[in-house]
Amino acid sequence: MPNRTLLFAPLFALCTSILQGASILDDDASNDLNYQPQTPFEEASTTLPERIDLDDLQEFQVGANDPHFRYYIERGSLQTGSDKVTRFVVVIRSHTGVINSSYEGIRCGERLFKVYAYGGAEKLFPAVDLKWRDIPKDESTDYRATLYDDLICNLLTGRSNPPDAIFRAMSGQHTLGGD
């Protein structure tokens, strides 16, 4: 019998050390004495644009390049606020000429968006359900993924690119995501 115990002792020691190592890797930073919780996001107040300037649109391409829709950002609306939210008017024009628009915000570094208002060609109306939502990762069908990954957000820093760089990328159809 003593030989069996000696046989299992190294196996027991190995399993114990693996389990202890796993608990070190799963260490929760909030248990640290010097832990400082990340300050919660505080959104700045948002004023909706009074009208949409259809003469100030910059077109951008969405991955699938669907011939039924064309996508634009109103140049004068693109701003990054003190809360680091980049807000803009997006205009979607169908191949029949129908225009839908929305005033939206993107939180770079968190892959979130919020729609503040919806509208048509001339006016925006406040949205009812103001929640931050995840931006899908499929650039082929979702314009928000294209804006986040390729144009508005710098994926390396988690911050918004400067507006002039965003519009240059839109007009030249190159991406800024990793710049």
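Taken together, the values in this text are just the output of simple stated rules run on the coordinates, not laboratory data. If you're wondering where the values come from, they're calculated on a predicted model, not measured in any experiment. Cβ sites come from the backbone with ideal geometry, for glycine too, and all protein chains shown count toward neighbours.
Structure summary
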read-out: Sparsely packed GluC sites (Glu not before Pro) within region 100-139, loop by DSSP, other Cβ within 10 Å at most 13; value: Glu122
read-out: Simple spin-label estimate for Tyr118 and Thr141 in nanometres, 7 Å along Cα-Cβ; value: 1.9
read-out: For region 70-81, Karplus couplings with θ = phi - 60° (6.51, -1.76, 1.60), whole Hz, Gly/Pro x; value: 10, 10, 9, 10, 6, 4, x, 8, 6, 8, 9, x
read-out: Sites Asp129 and Ala165 - FRET efficiency at Förster radius 30 Å, r taken between beta-carbons, to 0.05; value: 0.40
read-out: Trypsin sites (Lys or Arg not before Pro) lying in DSSP loop within region 52-137, provided at most 14 other Cβ fall within 10 Å; value: Lys123, Lys131, Lys137
read-out: Inter-probe distance in nm under a simple model that places probes 7 Å from Cα toward Cβ, at Ser82 and Ile99; value: 3.3
read-out: Binned Cα-Cα distance frequencies in region 57-172 - 10 Å width, integer %; value: 14, 49, 34, 3
read-out: Simple label model, 7 Å out from Cα along Cβ direction - Asp55 to Thr39, nm; value: 4.2
read-out: Cut-off 11 Å between beta-carbons: net charge of the residues surrounding Glu139, Lys and Arg +1, Asp and Glu -1; value: -2
read-out: Other-chain or far-sequence residues with amide H under 5 Å of Cys153's (modelled H); value: Asn161
